[in-house]
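Novice: Got a structure for you, written out below as structure tokens; questions coming shortly.
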Amino acid sequence: MSHAPAVGLENRCSADAPSQADFLPWATLRQQQDARLRNTVRLAHDKVPLYRQRFEAAGLTPDDVRGVDDLAKLPFVTKEDLRDAYPLGLFAVPMEEVIRLHASSGTTGRQVLVPYTRADLAVWTEAMVRTLTLAGVGRGDVVQNAYGYGLFTGGLGVHYAAEALGATVIPMSGGNAARQIAVMRDFGATVICCTPSFFLQLIDRAEELGIALRGLRLRVGVFGAEPWSEEMRQRIQQAAGIEAFDIYGLAEIVGPGVAAECPVHCGLHVLEDLFFPEIIDPASGQPLGEGEVGELVLTTLAKQAMPMLRYRTGDITALESGECPCGRTLRRMRRVSHRCDDVFIVRGVNVFPSQIESALLAVKGTLPHYQIVLTEEDGVERAEVQVEVTPEMFSDRIGVLEELQDTLSRKVAQAVGVHLDVRLVEPRSLARSEGKARRVLDQRPSSG
Ligand code: DLL
């Protein structure tokens, strides 16, 4: 294909010799981004009717985009556009060139079909090799991959990269917590990959089985696919004696492998030679500056089958370009606190679950299992935060529980700016997740 973006697997790396692409001087990186963007724009314009129409409507030709500084001229692509184009409308190559299909989770409405050419899979593996390398995973590691295998990108995304690194892969997929624990112990897993909420389930199950995770070989967790707070990281690290890394990605762009933490844990390095990030004001669509919190917009720089120009992710974060002690020059994004559509409104105040999570888990006596139930009675909206407390706390005097409830109500109100009812519940009484957790149970009549 003539204007196929040329990215290969020249960047094979290991924890001792990370990819050079992570350390490029700014000017070199910018040149590469500009060249790759020009290719991508040309491909999208020439092969995908939606892009061509949008360019024409805006009075633009591919030549108007000379580099990433021109990106703001281009219209956004939204999830709605992808759904309208379902299933094949945004493909830039014929199906014979597509060697794999995945799909976005489709939690809200129709899912999005995501095609990969052979070169796209090589790009994805490169991105995930770099991601796992950031977490210090490599040859000699035994990687228990408990992300779901299938249309979800987590399973195969981790799988091929871990193999490419020369690690030993245990392709567990999600679910079956008891079996996961037995395998972890018997096969000597050193790395676990899954959603943070599923790992919480594994912690519980290990305890039930009388197996001390801290006594196993497990040393690293590679967690993502859903929001989780710093307090949750602390709880997980403490319970399992591991170092927990946050990884971010989405099917529409590639899957996991868009951004990942290094051992400094101060934000996620965006693999911006492959995926160019912008932050915009979600209401006005205007670009925001460094450090400003807004919606992440991503442009693929090296994808063939479904190039994405300015895709609105719906994820809220901020970009930072300060030097990272790890030496990588790639900009960092803050952990994704929530999606635009995770926000719920209580008495006029915008609230999102991870604010509540941080407040709850900062207090001793709580367990990292909570749920927010939204109801409406006579037109009045109510949000109840249910949180499990430790068995010791639960068997203690009523007064102690009341005190804890008061403390939590206060902390939550401070964090979110409005009073929410907090209810303490017994350990193991809330539903557990095998994939992405559902923190908010919306029982309001309007929620359908
Ligand atoms: O969740 C890809 C993935 C797999 C990422 C495994 C990390 C690990 P989707 O199913 O398309 O893809 O869902 C993408 O999940 O837009 C975010 O809202 C959310 N998300 C993903 N990673 C994180 C994270 C995979 N680290 C959507 N923190 C994204 C917060 C995340 N939210």
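The values are calculated or read from the model by the stated rules, or taken from the named source; none is laboratory data. Note that the coordinates shown come from a computational prediction; the quantities given were computed from them, not determined experimentally. Here the Cβ is made from the backbone with ideal geometry for all residues, glycine too, and neighbour counts use every protein chain on show. Just the protein is used for accessible areas: all its heavy atoms, side chains included, with ligands, DNA and RNA removed. Shrake-Rupley method; radii C 1.70, N 1.55, O 1.52, S 1.80 Å.
Novice: Residues in the stretch 366-385: is at least one more than 22 Å from GLU226 (Cβ to Cβ) and at pLDDT 90 or above? Break it down into steps so the answer makes sense when it comes.
Specialist: To start, the set of residues in the stretch 366-385 that are more than 22 Å from GLU226 (Cβ to Cβ) comprises 375-382.
With at pLDDT 90 or above added as a condition, the list becomes 375.
Yes: one or more hits.
Novice: Within the stretch 78-129, which residues are within 14 Å of the ligand (Cβ to nearest atom) and touching a Cys at 6+ places or on another chain (Cβ under 7 Å)?
Specialist: Of everything in the stretch 78-129, nothing turns out to be within 14 Å of the ligand (Cβ to nearest atom) and touching a Cys at 6+ places or on another chain (Cβ under 7 Å).
Novice: Find all pairs meeting these conditions: Cβ atoms under 9 angstrom apart; at least six residues apart or on different chains; first residue within the stretch 387-401 and closer than 10 Å to PRO427 by Cβ; second residue open to solvent by 40 Å² or more (accessible area, probe 1.4 Å) and at pLDDT below 90.
Specialist: Pairs that qualify, where the first residue is closer than 10 Å to PRO427 by Cβ and the partner is open to solvent by 40 Å² or more (accessible area, probe 1.4 Å) and at pLDDT below 90, are GLU388/PHE394.
Novice: Let me spell it out: the conditions are (1) on the phi > 0 side of the Ramachandran plot; (2) open to solvent by 40 Å² or more (accessible area, probe 1.4 Å), and PHE187 meets all of them except one. Which number is the exception?
Specialist: Of (1) on the phi > 0 side of the Ramachandran plot; (2) open to solvent by 40 Å² or more (accessible area, probe 1.4 Å), only one is false for PHE187: (1).
Novice: Return the total of residues in the stretch 292-343 being open to solvent by 40 Å² or more (accessible area, probe 1.4 Å) and closer than 28 Å to MET95 by Cβ.
Specialist: Number of matching residues: 1.
Novice: Can you list the strands (runs of 3 or more DSSP E) lying wholly within the stretch 240-347 that have 1 or more residues being among the hydrophobic types (A, V, I, L, M, F, W, C) and under 30 Å from GLY215 (Cβ atoms)?
Specialist: Details: elements: 243-250, 255-261, 268-270, 275-280, 294-300, 311-317, 344-346.
Where strands (runs of 3 or more DSSP E) fall fully within the stretch 240-347 and carry at least 1 residues being among the hydrophobic types (A, V, I, L, M, F, W, C) and under 30 Å from GLY215 (Cβ atoms), they are 243-250, 255-261.
Novice: Check GLU292, GLU323 and return the single one that is at pLDDT 95 or above and more than 15 Å from the ligand (Cβ to nearest atom). Explain how you work it out, then say what you get.
Specialist: Details: GLU323 fails: at pLDDT 95 or above.
Testing whether each residue is at pLDDT 95 or above and more than 15 Å from the ligand (Cβ to nearest atom) leaves just GLU292.
Novice: Out of the stretch 252-284, which residues are open to solvent by less than 10 Å² (accessible area, probe 1.4 Å), in contact with a Phe, Trp or Tyr (Cβ under 8 Å, 6 or more places away or on another chain) and not β-branched (Val, Ile, Thr)?
Specialist: Of everything in the stretch 252-284, those that are open to solvent by less than 10 Å² (accessible area, probe 1.4 Å), in contact with a Phe, Trp or Tyr (Cβ under 8 Å, 6 or more places away or on another chain) and not β-branched (Val, Ile, Thr) turn out to be GLU252, GLY255, GLY257, ALA259, ALA260, GLU261, LEU268.
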